[in-house]
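The values are calculated or read from the model by the stated rules, or taken from the named source; none is laboratory data. Everything numeric in this text was worked out from a predicted model, so none of it was measured. Methodologically, a virtual Cβ is constructed for each residue, glycine included, from the backbone with ideal geometry; neighbour enumeration extends over all protein chains shown.
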Amino acid sequence: MNPELSLAVSAARAAGRPVVCLESTIFSELGLPSPANREALVRCCAAIESAGAEAAVTAVLDGRLRLGIDGAEGDVICGPARKVAARDLAVAVAQGWRYGATTVSAALALAARAGVQVFATGGIGGVHRGARDTGDISADLDALAAHPVVTVSSGAKAFLDLPRTFEHLETASVPVLGWRCDELPAFWSRSSGLPVTHRVESADEVARIARVHWHLGGGGLLVVAPIPAAAALPAEELDEAIAHALERADAADQRGAGVTPKVLATLAEVTGDRTVEANLALAEHNAAVAAEVAGALASLDAA
Ligand code: PSU
Ligand code: MN
């Protein structure tokens, strides 16, 4: 079963224009708080479109796999949702869920199924701190390895165990390419102290690497782009807020899929929404970088 393409996405593909997929969890009530979620949707789509590509929000709507939404469906995308990771896609379809919001893992599955090569998000999921006890490792990591798609993100969310997250990506053979940076970004901050294995300077370079990687049978590639400097938050301040948010999630006995939304909400509360502002800026920037990469891949294909 292939995802249904919106008219705009179909038209873009017919015209050979590049397409960039987006997840919907970040735009739903599970992701950013209202009205920032709507602003994020508008800004990400505009960033992709002003770079000459077509934005394709992924979701399950009324039990149908979707790639690209029509304008009026923005209200649904920004509303209440059930979280859909890759393993939930089939259930959401068979049970006819009104709105299943795709995480990175589900969005990558839909992008790959439709042959879309580039995907943008804020931060991927990864290995949670304390995963040794809880076993909580996001399905995003396996999906990144499995699907031949370039993902652009600002690293992984900084409340995760970043060293283990990136070790996992190495084991899974996912190239991690630093977008004009030498250190892995830490989502709301520009650096984590962890070096990237490879630095890239341009979309064309990413496209050429991706082409060879896929030719050799590789799966996904991760481009990590730091948050624009003007929007970045100081790492020390965040460390404190993160410790507090994780304690609170733990005290509430939050487990599984509920952890990420709970932690993000607490962080917004204790920083006076500054994490939300930062999240908007980095998501928009990642969308713009992804559109550039999609354009570069399209040029290579045409050559
Ligand atoms: N990044 C954000 N906000 C989010 C997420 C990531 O800034 O809401 C979502 C993404 O959809 C990601 C998911 O795929 O969290 C990971 O959830 P989990 O840790 O349960 O796998
Ligand atoms: Mn999890």
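Could you pull out the residue among Asp204, Asp253 that is more than 28 Å from Val174 (Cα to Cα) and surrounded by fewer than 21 Cβ atoms within 10 Å (Cβ to Cβ)?
Working: Asp204 fails: more than 28 Å from Val174 (Cα to Cα).
Only one candidate qualifies: Asp253.
What are the residues in the range 138-168 that are surrounded by 22 or more Cβ atoms within 10 Å (Cβ to Cβ), away from ligand 1 (no atom under 14 Å from the Cβ) and more than 24 Å from Cys44 (Cα to Cα), if any?
Correct list: Phe166 only.
Going through Val196, Val174, Val212 one at a time, which residue ends up being within 20 Å of Val116 (Cα to Cα) and either in contact (Cβ under 8 Å) with a residue 12 or more places away in the chain or touching a helix residue (DSSP H, G or I) at 6+ places or on another chain (Cβ under 7 Å) (or both)? I'd like the intermediate steps shown before the answer.
Numbers: Val196 fails: within 20 Å of Val116 (Cα to Cα); Val212 fails: either in contact (Cβ under 8 Å) with a residue 12 or more places away in the chain or touching a helix residue (DSSP H, G or I) at 6+ places or on another chain (Cβ under 7 Å) (or both).
Only one candidate passes the filter, namely Val174.
Identify, by number, the condition in (1) under 21 Å from the mean Cα position of the chain (by Cα); (2) in contact (Cβ under 8 Å) with a residue 12 or more places away in the chain that His244 doesn't meet.
The single condition His244 does not satisfy is (1).
List pairs: first in the range 257-268 and farther than 15 Å from Gly123 by Cβ and within 12 Å of ligand 2 (Cβ to nearest atom), second modelled with pLDDT under 85 and not small (Gly, Ala, Ser), Cβ under 8 Å, 6+ apart or cross-chain?
Cβ pairs passing all conditions: Lys262/Gln254.
For the range 232-303, give me every one of the helices (runs of 4 or more DSSP H) that falls completely inside it and has 1 or more residues that are hydroxyl-bearing (Ser, Thr, Tyr) and within 17 Å of Phe27 (Cα to Cα).
Values: elements: 235-251, 259-270, 274-302.
Ranges flagged: 259-270, 274-302.
So, in the range 237-272, how many residues would count as being within 14 Å of ligand 1 (Cβ to nearest atom), at positive phi and modelled with pLDDT of 90 or more?
Count: 0.
Please pick out the residue among Gly122, Gly96, Gly126 that is crowded, with 19+ Cβ neighbours inside 10 Å and either at positive phi or touching a His at 6+ places or on another chain (Cβ under 8 Å) (or both). Lay out the reasoning, then the answer.
Numbers: Gly122 fails: either at positive phi or touching a His at 6+ places or on another chain (Cβ under 8 Å) (or both); Gly96 fails: crowded, with 19+ Cβ neighbours inside 10 Å.
Answer to the selection: Gly126.
So if I check each of Gly31, Gly79, Gly96, which one is within 16 Å of ligand 2 (Cβ to nearest atom), part of a loop (DSSP other than H, G, I, E, B) and not aromatic (Phe, Trp, Tyr)?
Numbers: Gly79 fails: within 16 Å of ligand 2 (Cβ to nearest atom); Gly96 fails: within 16 Å of ligand 2 (Cβ to nearest atom).
Testing whether each residue is within 16 Å of ligand 2 (Cβ to nearest atom), part of a loop (DSSP other than H, G, I, E, B) and not aromatic (Phe, Trp, Tyr) leaves just Gly31.
Looking at Ile227, is it closer than 17 Å to Val276 by Cα, at pLDDT 95 or above and among the β-branched types (Val, Ile, Thr)?
On the way: closer than 17 Å to Val276 by Cα: yes; at pLDDT 95 or above: yes; among the β-branched types (Val, Ile, Thr): yes.
Taking the combined requirement at face value, the residue satisfies it.
Please go through (1) on the phi < 0 side of the Ramachandran plot; (2) more than 14 Å from ligand 1 (Cβ to nearest atom) for Asn279 and return the number of the only condition it doesn't satisfy.
Asn279 satisfies every listed condition except (2).
Filter the range 115-137 down to the residues that are within 11 Å of ligand 1 (Cβ to nearest atom) and not hydrophobic (A, V, I, L, M, F, W, C) and list them by number.
Correct list: Thr121, Gly122, Gly123, Gly125, Gly126, His128, Asp136.
Filter the range 62-93 down to the residues that are among the aliphatic types (A, V, I, L, M), more than 16 Å from Cys21 (Cα to Cα) and either surrounded by 21 or more Cβ atoms within 10 Å (Cβ to Cβ) or without any contact (Cβ under 8 Å) to a residue 40 or more places away in the chain (or both) and list them by number. If you could, list the steps in order and put the result at the bottom.
Within the range 62-93, the first condition is being among the aliphatic types (A, V, I, L, M), and the residues that meet it are 65, 67, 69, 72, 76-77, 81, 84-86, 89-93.
Applying the additional criterion that residues be more than 16 Å from Cys21 (Cα to Cα) yields 72, 76, 81, 89-93.
Ala72, Val76, Ala81, Leu89, Ala90, Val91, Ala92, listed by residue number.
Within the range 161-191, work out how many residues are over 17 Å from His285 (Cβ atoms) and among the hydroxyl-bearing types (Ser, Thr, Tyr).
First pass over the range 161-191, keeping only residues over 17 Å from His285 (Cβ atoms): 161-176, 182.
Still in the running and among the hydroxyl-bearing types (Ser, Thr, Tyr): 165, 171, 173.
Of the residues in the range 161-191, 3 are over 17 Å from His285 (Cβ atoms) and among the hydroxyl-bearing types (Ser, Thr, Tyr).
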